[in-house]
1. Taking region 26-65, which residues are open to solvent by 70 Å² or more (accessible area, probe 1.4 Å), part of a helix (DSSP H, G or I) and at pLDDT below 85?
2. Do any residues in region 20-46 that are more than 21 Å from ARG10 (Cβ to Cβ) have Cβ atoms under 7 Å from those of residues that are loosely packed, with under 15 Cβ neighbours inside 10 Å and of a type in the set (S, T, N, Q), where the two are at least six apart or on different chains, and which pairs are they?
Amino acid sequence: MSVTGDSRGRVEQMRQKADQLREAADRATDPQERQKLMEKADRLREQSQQEGKMSGGGQQGYPPE
């Protein structure tokens, strides 16, 4: 696999993890835990977007928030 393909795979994994964290936040009953998970998901999503831009992938499948 090429370096670009590796980068895209990593970006996709980061996005999937961010989605999982967001889902966990939705299920969390403790408001502090929910906030912590949401913040972590947001940071991971931002990081994946930056890496996606650097690898030339853009924001495939993710509309602006």
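1. Result: LYS53, MET54.
2. none
The values are calculated or read from the model by the stated rules, or taken from the named source; none is laboratory data. All figures in this text were calculated on a predicted structure; none of them were measured in a lab. Ideal geometry is used to build each Cβ from the backbone, glycine not excepted, and the neighbour counts take in all protein chains shown. Note: areas computed on protein heavy atoms with side chains; ligands, DNA, RNA excluded. Shrake-Rupley method; radii C 1.70, N 1.55, O 1.52, S 1.80 Å.
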